[in-house]
Every structure is written in structure tokens, then in C-alpha cells.
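Here the structure comes first, spelled out in C-alpha cells, and everything after it is commentary.
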Amino acid sequence: MIGNDWDNVLKVIEDSNGFKKFLQIVNERYEKNTCFPPKDLIFQALKLTSYENTKVVIVGQDPYHGVGEANGLSFSVQKGIKLPPSLQNIYKELNSDLNIPISSSGDLSKWAKEGVLMLNAVLTVEKDKPASHRNLGWELLTDYIIKALNQKERAVVFILWGNFAKAKKKYITNPHHLVIESAHPSPFSANYGFFGSHPFSRTNDFLIKNNIKPIDWQIE
């Protein structure tokens with residue numbers, strides 16, 4: 001399904017009758033309604049960042065629900081799409097934290113290839129209906145993914161922005177991982193603890209301390 005080591009990690013899920021039935025439900029939603037991201041990008045986060053290569057996890061809520069926006073990575077949009085407000089604030093914090101210039105591109109694929117798993121808790125959404133696929137069944141898969149990453153012997157940084165992402169914290173029990181929590185980068189909450197939280201420098205400091213190559217956060 002994924003094409004890398006995630007297939008082994010998720011084999012018990014992928015092979016289950018329940019998951020196959022769930023994928024049929026997702027397919028039916030795509031047939032009846034306009035849904036995002038495009039079907040071939042639903043698992044893009046896992047395709048670009050293998051289990052072995054995952055150093056950092058940034059948990060999002062669900063994909064952007066506007067036409068042409070979602071590309072399968074949390075907080076990321078297709079090239080050429082106007083930057084959503086949350087991503088603008090992420091770039092502002094990145095600039096403040098590491099003095100990295102604010103990019104006009106909202107495609108975070110480069111981060112994914114650096115080892116940052118850009119994971120939405122819910123992997124699909126209906127056009128113009130945020131959270132429309134919440135409680136459809138995706139949460140069971142993404143909870144399992146977090147639990148699997150928690151079992152890694154190599155240290156991982158989990159970046160949890162907002163209450164939705166923080167709900168995953170209960171699955172991160174291994175003390176050698178780092179959890180970075182703050183308010184969501186949304187304009188409604190960014191001033192209440194997101195700005196000034198320095199998630200990017202804190203992540204790299206932790207990775208270096210654990211003899212892991214830091215993330216190049218520059219966006220091309």
C-alpha cells in the first residue's frame with residue numbers, strides 16, 4: 001500500500017478485513033463527493049518519510065478542504081497555492097526561531113524527505129467541509145502509527161500543535177523521545193503560545209544531542 005517499510009509496520013492493519021472494508025468506505029466517499037487530497041496522495045506522508053527515516057513527527061488535524069490545496073502532508077499545500085494562514089504563521093515562527101527566510105512555496109515535501117513525518121490525524125476530507133471525515137476510521141490508523149513510532153529505539157521528536165494533536169500524547173510513553181507542545185499556529189491561537197515556542201531549534205538541539213543529523217528546515 002505504501003511501498004516502503006511502513007507496509008511491514010502496518011501489516012497487521014493492512015491485512016485486516018476491517019481496514020479493507022474501511023478503504024471501501026473511503027473509495028465510496030471519493031466516488032460520491034469531491035474529496036481531498038487526490039486519491040494517489042492520501043498516503044503521501046508515509047511514502048515520503050519511511051518508518052526508519054522518521055526523526056520528527058508534526059501532527060495535523062485533517063487535510064485542507066479547498067480545491068487544489070491538500071497534497072497529503074500536514075500543513076502543506078500544492079506548489080503554486082496561496083499560503084494558508086496557519087502555514088504563514090509556521091513560517092513566521094521558523095524565521096524568528098532560525099532566521100530562515102519566509103518561503104513563497106507551501107509545499108513541505110522537502111521537510112518530509114529530511115525525515116519529518118507530516119502526519120494528519122485524519123487523512124481525507126470532503127470539499128469545503130472541514131473535519132467531514134473525522135470519526136470515519138482514520139484515527140485508528142494514525143493512533144497505531146504514533147504507537148509504532150513510540151516503540152522506536154532511536155529518539156524521535158513529536159511536535160504537537162493544538163489540542164487535537166495533543167490528544168496523541170498519551171501514546172508517546174517512551175522517555176527517550178521528545179514531545180514539543182504548544183498552541184496551534186492558526187490565527188485564532190498562534191498568539192497564545194505558538195509564537196516564541198522555538199520548535200525548530202529545540203528539535204535540532206535534541207537531535208544533535210542524540211547524535212542524529214538535524215533537520216534542514218529551509219524551504220526551496
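Taking the criterion of being surrounded by fewer than 22 Cβ atoms within 10 Å (Cβ to Cβ) and in contact (Cβ under 8 Å) with a residue 40 or more places away in the chain, the residues of the stretch 32-42 that qualify are N33, T34.
Output the residue which, of all residues in the stretch 155-180 that are of a type in the set (K, R) and surrounded by 14 or more Cβ atoms within 10 Å (Cβ to Cβ), is farthest from I13 (Cα to Cα). Within the stretch 155-180, the match that is farthest from I13 (Cα to Cα) is K166.
Whenever a residue of the stretch 4-31 is more than 16 Å from V125 (Cβ to Cβ), its partners that are of a type outside the set (S, T, Y) and open to solvent by 100 Å² or more (accessible area, probe 1.4 Å), lying with C-beta atoms within less than 6 angstrom and at least six residues away or across chains, give the pairs D5/E52.
Among the residues of the stretch 80-138, write down those that are without any contact (Cβ under 8 Å) to a residue 24 or more places away in the chain, open to solvent by less than 80 Å² (accessible area, probe 1.4 Å) and aliphatic (A, V, I, L, M). Once the filter is applied, which keeps residues that are without any contact (Cβ under 8 Å) to a residue 24 or more places away in the chain, open to solvent by less than 80 Å² (accessible area, probe 1.4 Å) and aliphatic (A, V, I, L, M), the stretch 80-138 yields only L83.
For the stretch 43-62, a tally of residues being part of a loop (DSSP other than H, G, I, E, B) and open to solvent by 10 Å² or more (accessible area, probe 1.4 Å) returns 8. Only one entry of Y192, Y144 meets the criterion of being within 30 Å of S16 (Cβ to Cβ), aromatic (F, W, Y) and open to solvent by 30 Å² or more (accessible area, probe 1.4 Å), and that entry is Y144. Report yes if V26 is outside any loop (DSSP other than H, G, I, E, B), under 18 Å from A131 (Cα atoms) and either open to solvent by 50 Å² or more (accessible area, probe 1.4 Å) or touching a strand residue (DSSP E or B) at 6+ places or on another chain (Cβ under 9 Å) (or both), otherwise no. When the stated conditions are applied, V26 passes them. Considering the stretch 13-23, and only residues there that are farther than 17 Å from N135 by Cα and open to solvent by 60 Å² or more (accessible area, probe 1.4 Å), the residue that is farthest from the chain's Cα centre (by Cα) turns out to be N17.
The values are calculated or read from the model by the stated rules, or taken from the named source; none is laboratory data. For clarity, every value in this text was computed on a predicted model and none was experimentally measured. No Cβ is skipped: glycine too gets one built from the backbone with ideal geometry, and neighbour counts run over all protein chains shown. Calculation scope for accessible area: heavy atoms of the full protein, side chains included, ligands and nucleic acids excluded. Shrake-Rupley method; radii C 1.70, N 1.55, O 1.52, S 1.80 Å.
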